[in-house]
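Working notes, beginning with the structure itself.
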Amino acid sequence: MDHFVTAFAPASIGNVAVGYDMLGLALADVGDRVLARKTDGDGVSVAEVRGQDGDIHPLLTNDAQHNTASIAAQALWDAHGGAGGVELKVHKGVPLQSGMGSSAASAVAAVVAVNALLDSPLAMEALLPYALEGEEYASGSLHADNVAPSLLGGLILCPKVLLPDVVRLPAPQGVSAVLVHPDLQVDTARARRRLAKSYSIQLWLEQQGLLAGFIAACASSDVDLIGRTLRDVIIEPQRSAAVPCFDAVKDAAMRAGALGFSLSGSGPSMFALCEDSAARNLASAMEQACRAQGIECQSWISPMTAPGAHIEDGI
Ligand code: HSE
C-alpha cells in the first residue's frame, strides 16, 4: 500500500480591500492539510474530512463529486495522472465560511499533494487552473484571489484577464497583516450574488486609483501611501452590515494604528495592515472590540511574505 503524502496550503485574505477578485495575500501558520496516496481504484476518492478538532467534519462531505479538494485533485489527475486512482484525506485548519479562503486552501493542498504523486510533477504555477476548478465549485464563480496566494505565498495580483498567469507583487518591508475571525459565517456565493451589478464611473475611478496607489506603495514600502490607499469604496459598503461587529472592530483597529482595514474576502473575517511593531497591540484591540460586541473571535498576525503551499512529508 502506498504511503500518504501530506501537503499544507495556507489561508488567505481575498481582495486585500483594494482589489476585488484580483488581489490576495497568504497568511502564515493557518491552513488546511490534504493527504494523498495512489490506489488501485478509479479516479479520486475522499476517505475522510476532519475539522480543526480532529473529529470527522460534521458539515463537509466526502462525496468526491461535491468536495472542493477532490474536484481540484480530479481535474489534475485527469490531465496528468496515470493508471489507477488517488485517495485523499482532508484535514481542515481554516474555519468554514470565514472569509479566510477555506475552500481555496483545501483545493490548493489537494493539487499540491496529488502533484507529488505524479511521475512528472508540474511547477507550482501550473497547478493554479486545477485548484481553481475546486474553488469555482465552492464559490460559484471564477476568482483566484484566494487560490493564487495560497498556492504561491505572499501578495499576488491575479485579475481574471491575466489568468492563468498571475503576478507576484513585492511585499512592503516592515508591514504585517492582522486578521480577526469572529465566530460567524458568511456564505461567499450568496454574498457575491447580492452585490450590485453596475457602478458609477466615479467609484470605478476612485477604486482604480486606490489599487494602483497601493501596489506602488507596496513596491516602495511607503507606509504613508499604504495608509492613504488601503480602502474599499465599492464592495465593503455593501457587505459590512452582514458582520455586526464590523464598525466597532474597524474603529478599534484604526485607533490602534492600522494603516487600513477591511473585510477579508467576503467576511466575516476582518484584517488590517500595520507596521510590524503595532501588530500585537492591534490584534488585541481588534479582539477586544469584537468580544465587546458579544462575539467570540480568534486572531492571527502574519508577515506579508507568508509561504505558499508545500509538501510537509512525502513518500
Ligand atoms: N474575491 C472574493 C469575494 C473572495 O470577495 O467574493 C471570497 O473569499
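Can you spot a residue in segment 89-108 that is assigned by TED's automatic domain parsing to the domain that holds ALA138, open to solvent by 40 Å² or more (accessible area, probe 1.4 Å) and in contact with a strand residue (DSSP E or B) (Cβ under 6 Å, 6 or more places away or on another chain)?
Yes, segment 89-108 contains at least one residue that is assigned by TED's automatic domain parsing to the domain that holds ALA138, open to solvent by 40 Å² or more (accessible area, probe 1.4 Å) and in contact with a strand residue (DSSP E or B) (Cβ under 6 Å, 6 or more places away or on another chain).
Take the residues in segment 32-87 that are polar (S, T, N, Q) and over 23 Å from GLY140 (Cα atoms), then tell me which one is least open to solvent (accessible area, probe 1.4 Å).
Here the answer is THR39.
Residues that are surrounded by 24 or more Cβ atoms within 10 Å (Cβ to Cβ), of a type in the set (Phe, Trp, Tyr) and at pLDDT below 95: list the strands (runs of 3 or more DSSP E) wholly contained in segment 237-315 that include at least 2 such residues.
Per the criteria, no element qualifies.
Considering only segment 244-261, state which residues are closer than 19 Å to ASP222 by Cβ and within 16 Å of the ligand (Cβ to nearest atom).
PHE261
Looking at segment 1-31, which of the residues that are over 15 Å from ARG231 (Cα atoms) and within 13 Å of the ligand (Cβ to nearest atom) is surrounded by the most Cβ atoms within 10 Å (Cβ to Cβ)?
SER12
Restricting to segment 133-151, give me the number of residues that are in a helix (DSSP H, G or I), more than 10 Å from the ligand (Cβ to nearest atom) and open to solvent by 10 Å² or more (accessible area, probe 1.4 Å).
3
Scan segment 172-203 residue by residue and report those that are assigned to a strand (DSSP E or B), within 15 Å of the ligand (Cβ to nearest atom) and among the polar types (S, T, N, Q).
Passing the criteria: none in range.
GLU206: away from the ligand (no atom under 16 Å from the Cβ), closer than 25 Å to LEU157 by Cβ and either in contact with a helix residue (DSSP H, G or I) (Cβ under 6 Å, 6 or more places away or on another chain) or among the acidic types (Asp, Glu) (or both), yes or no?
In short, yes.
The values are calculated or read from the model by the stated rules, or taken from the named source; none is laboratory data. Quantities reported herein were computed from a predicted structural model and do not represent experimental measurements. Note: ideal-geometry Cβ built from the backbone for every residue, glycine included; neighbour counts use all protein chains shown. We work out accessible area using only protein heavy atoms, side chains counted, and drop any ligands, DNA or RNA first. Shrake-Rupley method; radii C 1.70, N 1.55, O 1.52, S 1.80 Å.
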